[in-house]
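See below for the structure under consideration.
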Amino acid sequence: MIISQAIGDYGRWQFILTLLLAFCNIPSTFHIFVPTFHARALDTWCARPANFTEVDPLQWRQKTQKPNDYCKVIREQDLKLQDGELQVAVDAKYIDCTTWEFDGEGSTLITEYGLLCSKANLISIAEMVFLGGVAVGGLVSGIISDRYGRKKTLLGSVAIQTILGVIIAFNPWFEMYLFLRAILGFVSVSVVFSGFVLSIELVGGVWRTVAGISYLFPTSISFGLISAIAYFIRDWRTLQLAISLPGALILSYWWFVPESPRWLLAMGRTAEVLKILETAAKFNNRKLPANIDKQLLPTSNSINNETMGVMDLFKTPKLRKITLCLFVIWFSVYFIYYGITLNLGNIGGDLYLASALSGLVEVPALAISIAILLKMGRRWPLALTVFFSGCFCLMIIPVPYVLNNAQWLITSFAMSGKFLIAASNSIMPVFTAELYPTKIRNIGVGANNVPAGIALMLVPYLWDMAMFHECVPMSILGVSGLVGGSIVLLLPETGNSQLQESIENSSDEELFKKTNKIMVESCSNNGSAASM
């Protein structure tokens, strides 16, 4: 409240800083989605033995392999060349293929490490370890950020992210690739969340909505950007280097991006807050109040140097309710978002075009989210978008049974669901950050990344549920939306309210109820005594 009154809710200073912080999302998004291109599928067939290298690849594939199966090949002794034609013995037998040939430009993880057939699952494992790092990193980085500050956590994570990205480009072993990707997931989510919390703590009032959602715009745009980069750079190592080196530019933020003044104030470091406010006021053409130094002095209630931890998210009844509800909501949103995204992964049939479209389609969802949030607050928009995304998933189920050749309708419902859940995904972090007090805000956002990470790791297995019935995957997504959207309504509205600075403030509601109860009981007792 003091900070917003001193420098304004939003001005040139906040605009420049929030814009710069949004760029932190670009390298992180690159690292999250680059495995799509690291392991892009190439036209593949079992390698021709030395005696058959002159055989046309198409003829070789047709006569030695089963359709769409490059894991088995007819053994060499059952083959012979006669007049330039490949002849296959009548009693030919298949053996496991151990080497392969590929048609396409550049090198991929698949071509370099032979991740085919029995090793094909290693590609999924590579993504799983990254997402495992994301799940753990969101929580741990939140603790570090709330303890040591948003700026140090952000830029420290960016430095590690850049170094790891470069090392991955030169690593010689796939096992090392797995290990480094796990750590990269840990620090990438730290970059995203630390920058996000810092952005919304620099502004006030309705501008928290604008800054929070605008912070996510580069994520969607980065889909298209990395698709363009990968289109021109087909070698996975060169591509990895190209997306990693730009992260070094963000390290220059150390000299002109300040620490969060709200966090500094919560830590009692008023001298640093005053210095930041003086710079901000100058940029915003405002004059600080004459007694601002006295207003910033910590009160006896605000001086608290105790270390905050995960258990503080459950310290009061109100915080327990908020945390448990958000766990369900984050799980539901991530589960639906990535569940739908994976199902629409082949839009247009071209990997690069599909990747670009899958991100760009979210841009209008983010833009509309800002307008809706400014008018309707947080709770109802989040509840409705999650709930109806689940409804659209359920609406897909009966279509094949009611209409023939209605793929257009299935696609329309799926895209509508994705549009809504993309809006939910932009509202949810803003709402979450506003529900927690400053001292545990980053821990709160990070802790909710754990159920989100679990949802991400479960999504690849969601589609295996189709073995029971083809309707099961979409039914699970639909029910998740209905449950998640309903749970949102159990949370309080935070639109246009001041950010809470301490845990004590977060329990004001309970304190009021207890005080009110005591007063009622006191009045009742006094009335009873009077009647006697």
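May I ask you to give the solvent-accessible area per residue for the stretch 426-487, in square angstrom, as obtained with a 1.4 angstrom probe? Write out the running numbers ahead of the final one.
Numbers: 1820 Å² over 62 residues.
Normalised by residue count, the accessible surface of the stretch 426-487 is 29 Å².
Looking at the stretch 164-195, the chymotrypsin sites (Phe, Trp or Tyr not before Pro) that sit in a DSSP loop and have at most 10 other Cβ atoms within 10 Å of their own Cβ are TRP173.
In degrees from 0 to 90, rounded to the nearest 10, what is the angle of the helix 270-283 Cα long axis to the longest principal axis of the chain? That helix lies at roughly 80 degrees to the long axis.
Applying the Karplus relation 6.51 cos²θ - 1.76 cosθ + 1.60 with θ = phi - 60° to the stretch 198-204 yields 3J(HN,Hα) values of 4, 4, 6, 7, 8, 10, x Hz, where x marks Gly and Pro. Using a cutoff of 8 angstrom between alpha carbon atoms and counting only pairs six or more residues apart, the relative contact order for the stretch 75-156 works out to 13 percent. For the chain, the convex hull drawn through the C-alpha positions has a volume of 196 cubic angstrom per residue.
Does anyone have the angle between helix 317-343 and the longest principal axis of the chain? Alpha-carbon axes, 0 to 90°, nearest 10? Around 30 degrees separate the two axes.
Here the accessible area is traced with a 1.4 Å probe on the protein chains. For the chain, carbon and sulfur cover 64 percent of it.
Would you mind working out the accessible area per residue for the stretch 360-400, using a 1.4 Å probe, and quoting it in Å²?
Working: 1770 Å² over 41 residues.
Averaged over the residues of the stretch 360-400, the accessible area is 43 Å².
Its relative contact order, with pairs defined as Cα atoms under 8 Å and 6+ residues apart, puts the chain at 21 percent.
Taking the chain as the reference, fit the longest principal axis to its C-alpha atoms, fit the long axis of helix 407-435 to the helix C-alpha atoms, and give the angle between the two in degrees, 0 to 90, nearest 10. Approximately 40 degrees, to the nearest ten.
For the stretch 151-307, the relative contact order comes to 29 percent (Cα pairs under 8 Å, sequence separation of at least 6). Peptides 280-287, 50-57 ranked from most to least packed give 280-287, 50-57, packing being the mean of other C-beta atoms within 10 angstrom over each peptide's residues. Once a ≥ b ≥ c are taken as the square roots of the eigenvalues of the Cα gyration tensor of the stretch 440-491, is the result rounded (a/c under 1.5), prolate (a/b larger than b/c) or oblate (a/b not larger than b/c)? It comes out oblate by the Cα gyration axes. Rolling a 1.4 Å probe over the heavy atoms of the protein chains gives the stretch 61-217 an accessible area of 44 Å² per residue. Of the chymotrypsin sites (Phe, Trp or Tyr not before Pro) in the stretch 453-486, the ones in a loop by DSSP (not H, G, I, E or B) with at most 10 other beta carbons within 10 Å are PHE468.
Every helix of 4 or more DSSP H residues in the chain counts as -39500 (n - 2.57), and over all residues that averages to -21000 deg cm²/dmol at 222 nm.
The values are calculated or read from the model by the stated rules, or taken from the named source; none is laboratory data. The structure displayed is predicted, hence computed values, not measured ones. Heads up, the Cβs are rebuilt from the backbone with ideal geometry, glycines too, and the neighbour counts pull from every protein chain shown. SASA here: full protein model, heavy atoms, side chains in, ligands and nucleic acids out. Shrake-Rupley method; radii C 1.70, N 1.55, O 1.52, S 1.80 Å.
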